[in-house]
Every structure is written in C-alpha cells, then in structure tokens.
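Read through the structure below, which is laid out as structure tokens, and then see the notes.
Computed from the coordinates by the stated procedures, all read-outs in this text should not be read as laboratory data. Note that the structure is a prediction, hence the values are computed from the model and not measured. FYI the Cβ positions are ideal-geometry reconstructions off the backbone, even for glycines, and counts take in every protein chain you see.
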Amino acid sequence: MLQRFLDPSVLASISSLDLVAKTVVDGFVAGLHRSPKFGFSQEFAEYQQYNEGDDLRHVDWNVFARTDRIYLKRFKGETNMQLLVLLDSSASMTYGSATYGSGKLRKLDYARFIAASLIYMSSQQRDAAGLIVFDEKVSEYIPPSTRQGQLMRLLHAVEKAEGGARTDFASPFFHFQQYLKRRGIVVVISDFYSDPAEIVKVVEPLRYRGNEVILFHVLDPEEVAPTFRDPVVLLDVEDSTSLEVTPDYARHEYRAKLDEHIRVLADKARSAGLDYFFMDTSKPLDDALRHFLAIRQRRM
C-alpha cells in the first residue's frame, strides 16, 4: 500500500534524508495517479503524460510499474516559482524521543521530513528553493536557487539541523526581509510555542510583499493528549523551568489551554491571509504535500 511510504514511523528507519524525500514524493505522486479524488496536474514535477510519437527515452518506468500509465520525465519551461522553507530547530522541537513523547520520532525529525520532501518536490519542478534554519538566531541560510547541486546543499543543511536554544521568530523573518526580494511561497515549520498574536504579527508582513505563507504546526501526539497516569515534573527545555502536573490537570485544564492556543493561532493566521495546517507526528506526510501543491498551483 502506497500509504506506507508516507508513514513517519517507516520513514524514521531510512538512514538517508535524500532517500526519505524521494520515497515520500514518489509515493505521493503514485498516489495522485491512482486517486479518483485528486487529479494529477501536468504541471507537477517533471512529469508529462505520454502522447504517441514522444521520445520513449524520457519515460519514467518506475512510475509506469506502479501505475500502468506512461509519463515522461520532462518539464516544459521554467515555472519562475520560489520556495523558502523556514525550519524551527529550537530546543522544544527535540521533544518526542522514546523516553518522552509518543516514542516514534522527534518533532524536529518530522519537521525535517516535511522540509526535505517539499524541497525535493520543488527541485523536481525546477523551482528555486532555499532554506533558513533558526532558533533564537539564524543558524543556516541558503538563498533560493536552481543552480547545480542546490538540492543536495539544502538536504544536507536540513539533515544537520539540531535542537538549539529558545525560539525567536523575529530573527529569521528579519533575515528574510533583508535579503529576499523575489515573491514566492514561504513555508514555516514549527511547534509555535509562542504567543499567537506575536507570531502572526511577525509573519504577516511577508504577505504584504506578495508571498504565499504556509504555517505547518507540528506537535507530538503526547503533547496534544498526554497519557501519563501519575503526577510528573515537566521541564521546559528552553528555559529550564519546571512544573509538577497531575493526570487530571493534563486531561482537563492543559487540554483546554492547548486547544485554545491552536484555535487562536489558526484563526489569527487565516484572518491575516496565512495558510495554517496542524500536523501531529503520527500522521503521514501526504497532507503537507497536498496542501503545498494546491497552494503552488493556485499561485500559478
């Protein structure tokens, strides 16, 4: 079943991030071919439906083997689209180990999978892709480009991103506005543990410049619905403060507060013209790719 190629627990067993990205995108593309609900756009990636007389040297036989349909690995013209991925590598993104969280993978690893897959997809479409990795400062910046070797530069930077300090959204967005002039799609991947009003205040100016902005809100299932049965002491990995929490508090007051945080962030983001999508780390990655592809096509 193709869905297994998008399952985070399966992807976590793949050692190479470039192979993760290829697996996710190829599985997603094959799923689009088979789905009666979502058509396959001829503008997507490098694929074009085969017509009689086309050069068979350009046929993607891997896609043919999965779908029984013939598509050419060809792209007509440049799309002039630009993608910039902003990846939050703050300390809170490291939550989700076998000791803490759902035990499958860290939020940062899941965020890496999303970032790598979007970058790989953009590369296949000949889009200019770039990356900013940040916590309280920008630790990595690769300007959007279509030059040779850009894909591997980006994937290497995503792979080496590790948990840092606290989150400061102002830093990467100031960096973005200083150096990037061309309009495109901006993807922000974070757990967004900041005040929703402040997040939107910092991000919203990017829309004024004509960019499409997508917020992927990534949380561990254990953060959304804690399952511990005894009182625990929780440590904030970003400021080292601690708090004793009872199971009853986690089930009621905590859940109410988190649900309200998510609701307010989603409402404020959409009111500002930003696209907001919530994802927990147990979910397959196809939703992220589908949302991105829909927004990309909308922009074209």
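Neighbouring Cβ atoms within 10 Å as the yardstick, rank 88, 68 fewest first.
Fewest-to-most ranking of 88, 68: 68, 88.
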Per DSSP, the loop-located trypsin sites (Lys or Arg not before Pro) within the range 148-212 having at most 15 other beta carbons within 10 Å are 166, 181, 182, 183, 209
Ranked output for segments 144-152, 281-289, 117-125, 13-21 by mean other Cβ atoms within 10 Å, highest leading, reads 117-125, 281-289, 13-21, 144-152
Members of 201/257; 22/160; 137/201; 137/257; 137/268 lying beyond 23 Å, as alpha-carbon distances in this model show
137/257; 137/268
When 134, 64, 176 are arranged by how many other beta-carbons sit within 10 Å of their Cβ, fewest first, they go 64, 176, 134
